[in-house]
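Taking it in order: structure first as structure tokens, then the write-up.
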């Protein structure tokens, strides 16, 4: 082989190697631009949409009817709600109680329920044992009880031996529960029509999911954010009092009134917003004409190739090539997608993809640059 041919061959190899290196560098430098709309799961009432409807003169019944089709506002009274405040702690301290475990208490004194063996005991703030209460204990006051480290709550405090600690719940009337929710789920400065729609939705959701087990709802976003009396405001309480006992009904049943922050202009049917759920005649996709007021009506997220691959690690093999949407709902929200790698791919639900990528909703489109 001549020297000239060897040189040409070496140059060709160098060019191929350089091209491969450039391709690798380009892939590593790729930017993923994700454009989306809305904030939340998209099922039921859009809170910013309700705000917009209220600002355009719609009353709370009209707002509820817009999002929960074929329903009516009815009444439901006398239903206490058991709100889980915490679990696992060895004790819970409280004040302002009048009675606990059948024993009269001094309202100004502090007490605590403490886990002891398989049950609960009542102790004074100084640690003196006052009474053995059995597997569960309840403290009642004159309207409210102050729980150390949490604040003031209406209704009763209940502690139950569970696992190695206590299951602590606030047993509260339906209307009092709504007062502790609305101020945490919607800005108190919003129009009364929106706040009243939120109050009715909050009661309805709690009733629809309650029953069975040791508690009905969590006090956080797993159910509804509930802060007790200490979080209440004048305007949100006014909305709750105006709608006292009112709930959303579909036929004779209380409707499961899902709600969320911002729709992006269109809500989603429940079977697509929560893949695997059964269709519901009142949880359909509807246009949301005034959601543009929301700061999350539309949004854009940018990730590097490395960031996207890190977030979706385990969903593909090799280099991440694309995210292929397989199914969208009645709105443009993603129901199912495929994460495509150079050596392997896998399917993923829209909510799972949203969670892995830290997106505000499943209404998303992907662009690789």
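Here are some notes:
- Estimated purely from DSSP H runs of n ≥ 4, each contributing -39500 (n - 2.57), the mean residue ellipticity at 222 nm for the chain is -8500 deg cm²/dmol once divided by its residues.
- Residue order for 39, 274, 260, fewest other beta carbons within 10 angstrom first, comes to 274, 260, 39.
- Ranked for footprinting exposure by Cβ neighbours inside 10 Å, fewest first, 133, 101, 240 give 101, 133, 240.
- Across segment 81-172, C-alpha contacts under 8 Å between residues 6 or more apart give a mean separation that, scaled by the residue count, equals a relative contact order of 35 percent.
- Relative contact order of the chain: 25 percent, from C-alpha pairs under 8 Å at least 6 residues apart in sequence.
- Look at the Cα gyration tensor of segment 81-172: its axes a ≥ b ≥ c give a/c of at least 1.5 with a/b at or below b/c, and that counts as oblate.
- Put in line by how crowded their Cβ is, counting other Cβ atoms within 10 Å and starting with the fewest, 175, 219, 291 read 175, 219, 291.
- For Cα extents along the principal axes in Å, the value computed from the atomic coordinates appears in the list (i) 59, 54, 39; (ii) 107, 54, 34; (iii) 64, 49, 39 under label (ii).
Coordinate-derived values only; no laboratory data. What you see is a predicted model; the values in this text were computed from it and never measured. Cβ atoms come from the backbone with ideal geometry, glycine included; neighbour counts cover every protein chain shown.
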